[in-house]
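Visitor: Right, I'll just put the structure down here and ask away after.
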Protein chains: 4
Amino acid sequence: MTRVGILGATGYTALELIKLLLRHPGATVTAVTSRQEKTHISSVHPSLSGRLDLTLEDFGAEALAERCDCVFSCLPHVASAESCMALLKTGVRVVDFSADYRLDDAATFQKWYEHEHPDPGRLGKVAYGLPELFGDKIPAADLVANPGCYPTSAILPLAPLLKEGWIETQDIIVDSKSGVSGAGRTPKLNTLFPECNESISAYSVGKHRHQPEIEQILGRATGKKVDVIFTPHLAPMDRGILSVVYCRPTRSVTEEQVLSLLKEFYAGKPFVRIVKHLPATKDTTHTNFVDITARVVKGRVLLISAEDNLIKGASGAAVQNFNLMFGYDETTALL
Amino acid sequence: MTRVGILGATGYTALELIKLLLRHPGATVTAVTSRQEKTHISSVHPSLSGRLDLTLEDFGAEALAERCDCVFSCLPHVASAESCMALLKTGVRVVDFSADYRLDDAATFQKWYEHEHPDPGRLGKVAYGLPELFGDKIPAADLVANPGCYPTSAILPLAPLLKEGWIETQDIIVDSKSGVSGAGRTPKLNTLFPECNESISAYSVGKHRHQPEIEQILGRATGKKVDVIFTPHLAPMDRGILSVVYCRPTRSVTEEQVLSLLKEFYAGKPFVRIVKHLPATKDTTHTNFVDITARVVKGRVLLISAEDNLIKGASGAAVQNFNLMFGYDETTALL
Amino acid sequence: MTRVGILGATGYTALELIKLLLRHPGATVTAVTSRQEKTHISSVHPSLSGRLDLTLEDFGAEALAERCDCVFSCLPHVASAESCMALLKTGVRVVDFSADYRLDDAATFQKWYEHEHPDPGRLGKVAYGLPELFGDKIPAADLVANPGCYPTSAILPLAPLLKEGWIETQDIIVDSKSGVSGAGRTPKLNTLFPECNESISAYSVGKHRHQPEIEQILGRATGKKVDVIFTPHLAPMDRGILSVVYCRPTRSVTEEQVLSLLKEFYAGKPFVRIVKHLPATKDTTHTNFVDITARVVKGRVLLISAEDNLIKGASGAAVQNFNLMFGYDETTALL
Amino acid sequence: MTRVGILGATGYTALELIKLLLRHPGATVTAVTSRQEKTHISSVHPSLSGRLDLTLEDFGAEALAERCDCVFSCLPHVASAESCMALLKTGVRVVDFSADYRLDDAATFQKWYEHEHPDPGRLGKVAYGLPELFGDKIPAADLVANPGCYPTSAILPLAPLLKEGWIETQDIIVDSKSGVSGAGRTPKLNTLFPECNESISAYSVGKHRHQPEIEQILGRATGKKVDVIFTPHLAPMDRGILSVVYCRPTRSVTEEQVLSLLKEFYAGKPFVRIVKHLPATKDTTHTNFVDITARVVKGRVLLISAEDNLIKGASGAAVQNFNLMFGYDETTALL
């Protein structure tokens, strides 16, 4: 039985993670922390009533190390790295949901996150938790950087075509639509029900922090310098990300050829489904699947992916990484 | 042209009020106040871009009196009464959206609102802004207490039957479902999109402040002491209130008889529609109508009403009152 | 491994059932039928892509009997009984989602469903699949009548109080709100997105077929003749039922006493959670839990329950029954 | 008083049109037709209860001509042209909501709509009802082709930049998200609430009929042959279209320059608002406004527009055209 702790357990990704772990035959949640709340976890998440008898506690690396083999950090950036550093010293293995260990270098981090990185030495060396692309690095990792929700939806469809040189590395447009849970559980005007219900809007156009993540990770996966225009949208739904990626082929390709390439590339990957139909986010909600299809329109290749931002885009990916790190079957608790 | 000011103009009822007034041929909005914001109104409400060129200002009774003939107060309780008192001294006429002047006495106010009433002398004497029942008191009023959203939906169907003695005054159950805009625009966890989307729940069961309002106003309208069990719900929609009222007939009545009584009672009232079908809130959203029907089930009379909580339940009613106060046709800007 | 067939596999309850069974270590889905569609199951339910390799087929009792130990019927009433009769002859055990075997007698069935019952002899003898109340009848049953979604939400909170004689058997009001999936997957105007989104309405007031089911099953469970006024609503959400039950105590009771009685009654029942807070449907969506609380308001007892209409209200209950029928732990695939 | 008839009055655009016309001081609705329904209009649209006392009738050009000065056709393509032809013969002026008279030639129509055009002689000569671009052609027109909902959202932001030669005419990507009302009121599986709620998906990728309309009308407005990749999405909301248009500048431009050009171009146009913030569809719902902004990202120009698909995208535009045709102020009934 692998003992698991969760930092920042009051948010949506943590709740989803707990629900997945409660279904995991090899994992037991032994500690949950919060910086504000110190009540029983079920008073913060009523859906956990009768399911997990733990009280939220303060973070303490040593105290957690006594009760945990693995810790998932759902803390915000910078705060997360600080906790990860302390935990790694104790020998606990960590899956970090924050952006702290995803980028290649401290300068990019500082530019986009407007903070000095507290642990620059590790940057560029931490396994990026997308097992479909970096599966060989995860089993032995002490620290895994769990991917951002949008990057997963953009990187998975693009990587095979970039790797094979079928598309240009420049002038890639990623137009993504996300459910509101991706914005977190802290009350803010823009995620209030009457603000975002019955409405759709683009936000952070040209400025979203997942843009450099998409570019750098695609670079790592394919060895190419990639340039992306990324337009995220807030859609009036709880969960789900749909990304439409517009890219320019380097040579004439058909829809069938693109679909075949994708199918081959992801053969044996249990959570990537290459489909012929246009996927809806609902086909994947509450699952760890990413559904991907392709279309060729007027000489452009369109790649379309659908996922659940809280599962494959966050907590499901984290459990998938956990499975690989601790020797469980990759799909445990995820089907 | 009647010059109008709006206090607390950053919320949903104020926004709706402004939109209605922009359509009013006799009204011009000359001042908008806010305790927090001091920016242009369109930066708080982007939907007003290019429509109203005013900057939010601090409240000042004298300053407003110079530019306003009528002020609508969308302030919270207590704060609202304090502003109303100051405004009334200057001779400005006021429509108060808060609960401050709706109840009969200071003791009830203090019990339910947990504040000493700042203006107890006026209680019980202020016109209650439901023109269908108190239309004779409104034209000459200096101050009108605009009704609560739930009370309108419960009082209108009940008043005729109570007045005629067709139903018992006790054991009345009001089961109401409201859209989320009724909870206001201040960010709170329980009105965050991912909390209330795809979910319905009852709240404040047996404790909601609109219960004494329903009882006292029904008492005023019918001369009878009425007892109500009131169960409000939060439904995953922006707007709308559906109330199902369960009452006990004093004698055998048919559905047709109840519908006839309601029709007669509200003959000539332009915003009450007595309908045969079961109304949906959507039939009334963005309008000032209340749709009411009746059913007789196993010896109980069920009254069902649908309204838009922001229009007939708040800003539409306020404009209706304004029309009566300033001599406009009752329906101006409301059809 | 228990081999399972599903009749009428194109609807929402069937889809949900398949997803639960895919998680069940002891069950394998071997056949899916449809009267209209004859395509691969994943072309009807894209969310099953890569998960279940079956093609929809015509119903044939003998053919199914060769490949199934248990059949779940998601067919409409009458059609379902006809298929169940044929299957039971072959020795296959059946869980019937339709209303065909829930009522006590053919006359009540004919009155409410406006069809002659094709199998009147079995009525009143079939196990009602609410294991919390009829758990002793299910393990040996060849045929289980899976409960209606609303009845589960009303019967579970009421049964303990009725059994103990704490509440009157008459003048019980059940005011229920349901998500739209409860209305099925056949395209109809009233379940079109722009019709029911942003709207709430009552329907079938005093005429809903679940009313006699609630009354008869409560009668069976408590030995008392019960009378219920049942008001269902369509709420703008996919799933979830919230029921507020208004009943009249036979003696003075406190909220604490009611909660204690409920807790004792459902001690050891894994899917009934007696909670102190007011439950939201979202606390239970995608789970087999029913969350129940109680309030005492002005001498009335209010019972409030929340469930997922597709899980505990349909497919989860069916799997729970299946578990008991085939010797699996009651919670298998359901936590 | 201008007498108005509406063909195909049972759908969403017709309902919205009626609501706008009820607010119009110069228009009176005298006839409503339907091919299926022959009941009172309020039994099809309960929201019109007490507002419009008309019964749905069969189409008859002569009979309508006696009671109407203007007819709005909300019929589907081909059927609409057939009715328009008959009406025009009688001298009635027509606003056609269908696509029948929007395209330049019969061949394009046949290719995209898979029907022979019933009235090819008029193609290319009919005024396209976007007064912001073709305002000079509308006042004298006997027939106006009311624009498609998506085209309005794409054409308005693109026209000024194309006209000035600031962007390339090729490689324009229009990524649009629409509410479900755009799909009409005929019950279909894909617009059922539980299918499209909590989900977003692209549809008709590269195949949507509004693509040639966007290209041809932009050609007409700017004198240039334009090529567009158009990706529509179904978003879980009633109304609203958000379009993000990616285009390639012909020379270095800044965000400020683009916004200035747009502002100048649309100066004096009452329904186009050029804004600095990123518009949400909700800023424009239930209004005739289109909010447009621009961003420059990595050398690409992004144009973002928001509108209400039923108002500026359909019935509001129709009333705007009606106003121009019959000499009313352009904004009558629309503010």
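The values are calculated or read from the model by the stated rules, or taken from the named source; none is laboratory data. These numbers were taken from a predicted model, which means no experiment stands behind them. Note that each Cβ is placed from the backbone with ideal geometry, even for glycine, and that neighbours are counted across all protein chains shown.
Visitor: Being crowded, with 24+ Cβ neighbours inside 10 Å, farther than 19 Å from residue C:10 by Cβ, β-branched (Val, Ile, Thr) and within 14 Å of another protein chain (Cβ to nearest Cβ): is that true of residue C:144 here? Working first, answer last.
Guide: Values: crowded, with 24+ Cβ neighbours inside 10 Å: yes; farther than 19 Å from residue C:10 by Cβ: yes; β-branched (Val, Ile, Thr): yes; within 14 Å of another protein chain (Cβ to nearest Cβ): no.
For residue C:144, the condition - crowded, with 24+ Cβ neighbours inside 10 Å, farther than 19 Å from residue C:10 by Cβ, β-branched (Val, Ile, Thr) and within 14 Å of another protein chain (Cβ to nearest Cβ) - is not met.
Visitor: Restrict the check to the stretch C:305-312 and report whether at least one residue is under 18 Å from residue C:23 (Cα atoms), in a helix (DSSP H, G or I) and not hydrophobic (A, V, I, L, M, F, W, C).
Guide: Yes, the stretch C:305-312 contains a residue that is under 18 Å from residue C:23 (Cα atoms), in a helix (DSSP H, G or I) and not hydrophobic (A, V, I, L, M, F, W, C).
Visitor: Would you pick out the residues in the stretch A:169-187 that are buried (at least 17 other Cβ atoms within 10 Å of the Cβ) and not in a helix (DSSP H, G or I)? Before you say what the answer is, go through the steps one by one.
Guide: At the first step, the residues of the stretch A:169-187 found to be buried (at least 17 other Cβ atoms within 10 Å of the Cβ) are A:169, A:171-183, A:185.
Answer for the stretch A:169-187, where residues must be buried (at least 17 other Cβ atoms within 10 Å of the Cβ) and not in a helix (DSSP H, G or I): A:169, A:171, A:172, A:173, A:174, A:175, A:176, A:177, A:178, A:179, A:185.
Visitor: Considering D:41, D:18, which residue is over 22 Å from the mean Cα position of the chain (by Cα), buried (at least 22 other Cβ atoms within 10 Å of the Cβ) and at pLDDT 95 or above?
Guide: Values: D:18 fails: over 22 Å from the mean Cα position of the chain (by Cα).
The conditions single out D:41.
Visitor: In addition: Out of the residues in the stretch A:292-333 meeting the condition of being among the β-branched types (Val, Ile, Thr) and at the interface with chain D (Cβ under 10 Å from one of its Cβ atoms), tell me which one is nearest to residue A:147 (Cα to Cα). Give the derivation first.
Guide: Initial filter on the stretch A:292-333 (among the β-branched types (Val, Ile, Thr)): A:292-293, A:296-297, A:301, A:304, A:311, A:319, A:331-332.
Narrowing the set further to residues that are at the interface with chain D (Cβ under 10 Å from one of its Cβ atoms) leaves A:293, A:296-297, A:304.
Values: A:293: 21, A:296: 28, A:297: 30, A:304: 19 Å.
The extreme case among them is A:304.
Visitor: Inside the stretch B:244-271, can you point out the residues that are touching a Ser or Thr at 6+ places or on another chain (Cβ under 9 Å) and either over 29 Å from residue C:246 (Cα atoms) or not assigned by TED's automatic domain parsing to the domain that holds residue B:156 (or both)?
Guide: Scanning the stretch B:244-271 gives B:270, B:271.
Visitor: Looking only at the stretch B:238-286, which residues are hydroxyl-bearing (Ser, Thr, Tyr) and under 16 Å from residue C:200 (Cα atoms)? Spell out the reasoning first.
Guide: First, pick out the residues of the stretch B:238-286 that are hydroxyl-bearing (Ser, Thr, Tyr): B:243, B:246, B:250, B:252, B:254, B:260, B:266, B:281, B:284-285.
The answer is B:243, B:281, B:284, B:285.
Visitor: Checking residue C:140 against (1) over 30 Å from residue D:186 (Cβ atoms); (2) in contact with a strand residue (DSSP E or B) (Cβ under 6 Å, 6 or more places away or on another chain), which single condition isn't satisfied?
Guide: (2)
Visitor: List the pairs whose first member sits in the stretch C:76-95 and is free of Cβ contacts under 8 Å to residues at least 60 places away in the same chain, whose second member is aromatic (Phe, Trp, Tyr) and surrounded by fewer than 19 Cβ atoms within 10 Å (Cβ to Cβ), and whose Cβ atoms are under 6 Å apart, counting only residues at least 6 apart or on separate chains?
Guide: Listed pairs, sorted by first residue: C:77/C:113.
Visitor: Please list, ordered by residue number, the strands (runs of 3 or more DSSP E) wholly in the stretch B:15-114 having 2 or more residues that are β-branched (Val, Ile, Thr).
Guide: Numbers: elements: B:27-32, B:70-73, B:93-96.
Result: B:27-32, B:93-96.
Visitor: While we're looking at this one, here's another question. So, residue D:224, is that one more than 30 Å from residue C:183 (Cβ to Cβ) and either assigned by TED's automatic domain parsing to the domain that holds residue D:37 or not in a helix (DSSP H, G or I) (or both) or not?
Guide: Numbers: more than 30 Å from residue C:183 (Cβ to Cβ): yes; either assigned by TED's automatic domain parsing to the domain that holds residue D:37 or not in a helix (DSSP H, G or I) (or both): yes.
Answer is yes for this residue.
Visitor: Across the stretch C:274-291, what is the total count of residues that are within 27 Å of residue C:253 (Cα to Cα), within 11 Å of another protein chain (Cβ to nearest Cβ) and surrounded by 24 or more Cβ atoms within 10 Å (Cβ to Cβ)? Break it down stepwise before answering.
Guide: Of the stretch C:274-291, the ones within 27 Å of residue C:253 (Cα to Cα) are C:274-281, C:289-291.
Now narrow it down to the ones that are within 11 Å of another protein chain (Cβ to nearest Cβ): C:274-281, C:289, C:291.
When the remaining residues are screened for being surrounded by 24 or more Cβ atoms within 10 Å (Cβ to Cβ), the result is C:274, C:279-281, C:289, C:291.
So the count comes out to 6.
Visitor: Could you check the stretch B:241-265 and list, in sequence order, the residues that are closer than 12 Å to residue B:295 by Cα, in contact with a helix residue (DSSP H, G or I) (Cβ under 8 Å, 6 or more places away or on another chain) and of a type in the set (A, V, I, L, M)?
Guide: Residues satisfying the conditions are B:245, B:258.
Visitor: Ok, one more. Of these, B:307, B:330, which one is surrounded by fewer than 23 Cβ atoms within 10 Å (Cβ to Cβ), modelled with pLDDT of 95 or more, under 18 Å from the mean Cα position of the chain (by Cα) and under 30 Å from residue D:286 (Cα atoms)?
Guide: Details: B:307 fails: surrounded by fewer than 23 Cβ atoms within 10 Å (Cβ to Cβ).
None of the other options fit; the residue is B:330.
Visitor: Then there is this: Just to be sure I understand the filter: pairs with C-beta atoms under 6 Å, separated by 6 or more residues or on different chains, first member in the stretch D:158-175 and among the basic types (Lys, Arg) and at pLDDT 95 or above, second member surrounded by fewer than 22 Cβ atoms within 10 Å (Cβ to Cβ) and not in a loop (DSSP other than H, G, I, E, B). Which pairs pass?
Guide: From residues that are among the basic types (Lys, Arg) and at pLDDT 95 or above, the pairs are D:163/D:222.
Visitor: So which residues in the stretch A:60-71 are in contact with a Leu (Cβ under 6 Å, 6 or more places away or on another chain) and either under 19 Å from residue A:185 (Cβ atoms) or not β-branched (Val, Ile, Thr) (or both)?
Guide: Across the stretch A:60-71, the qualifying residue is only A:61.
Visitor: Of the conditions (1) under 18 Å from residue D:333 (Cα atoms); (2) away from chain B (no Cβ under 13 Å); (3) of a type in the set (D, E, K, R), residue D:23 satisfies every one except a single condition; which number is it?
Guide: Tallying (1) under 18 Å from residue D:333 (Cα atoms); (2) away from chain B (no Cβ under 13 Å); (3) of a type in the set (D, E, K, R), residue D:23 fails exactly one: (2).
Visitor: Are any residues in the stretch D:178-202 facing chain A (nearest Cβ under 10 Å), in contact with a helix residue (DSSP H, G or I) (Cβ under 8 Å, 6 or more places away or on another chain) and on the phi < 0 side of the Ramachandran plot, and if so, which ones?
Guide: Kept after step one, since they are facing chain A (nearest Cβ under 10 Å), are these residues of the stretch D:178-202: D:178-179, D:190, D:194-202.
Filter again for in contact with a helix residue (DSSP H, G or I) (Cβ under 8 Å, 6 or more places away or on another chain), leaving D:178-179, D:190, D:194-201.
Within the stretch D:178-202, D:178, D:179, D:190, D:194, D:195, D:196, D:197, D:199, D:200, D:201 qualify.
Visitor: Moving on. Go through (1) surrounded by 21 or more Cβ atoms within 10 Å (Cβ to Cβ); (2) under 23 Å from the mean Cα position of the chain (by Cα); (3) among the small types (Gly, Ala, Ser) and name the single condition residue D:49 misses.
Guide: Looking at each condition in turn, residue D:49 falls short on (2).
Visitor: Go through (1) free of Cβ contacts under 8 Å to residues at least 60 places away in the same chain; (2) under 20 Å from residue B:138 (Cβ atoms); (3) not hydroxyl-bearing (Ser, Thr, Tyr) and name the single condition residue B:276 misses.
Guide: Residue B:276 satisfies every listed condition except (2).
Visitor: How about the stretch B:188-219: which of its residues are more than 25 Å from residue C:308 (Cβ to Cβ) and either outside any helix (DSSP H, G or I) or among the polar types (S, T, N, Q) (or both)? Steps first, please.
Guide: Narrowing the stretch B:188-219 to residues more than 25 Å from residue C:308 (Cβ to Cβ): B:188, B:206-219.
Within the stretch B:188-219, B:188, B:206, B:207, B:208, B:209, B:211, B:216 qualify.
Visitor: Within the stretch A:279-304, which residues are more than 19 Å from the chain's Cα centre (by Cα), without any contact (Cβ under 8 Å) to a residue 24 or more places away in the chain and outside any strand (DSSP E or B)?
Guide: Result: A:298, single match.
Visitor: While we're here: Across the stretch C:215-242, which residue is surrounded by the most Cβ atoms within 10 Å (Cβ to Cβ) among those that are among the small types (Gly, Ala, Ser) and facing chain B (nearest Cβ under 10 Å)? Write out each step before concluding.
Guide: Taking the stretch C:215-242 and keeping what is among the small types (Gly, Ala, Ser), we get C:219, C:221, C:223, C:235, C:240.
Subsequent filtering for residues that are facing chain B (nearest Cβ under 10 Å) retains C:235, C:240.
Values: C:235: 29, C:240: 32.
My answer is C:240.
Visitor: Return the only residue of D:92, D:44 being aliphatic (A, V, I, L, M) and either closer than 19 Å to residue D:126 by Cβ or touching a helix residue (DSSP H, G or I) at 6+ places or on another chain (Cβ under 8 Å) (or both).
Guide: Details: D:44 fails: either closer than 19 Å to residue D:126 by Cβ or touching a helix residue (DSSP H, G or I) at 6+ places or on another chain (Cβ under 8 Å) (or both).
Answer to the check: D:92.
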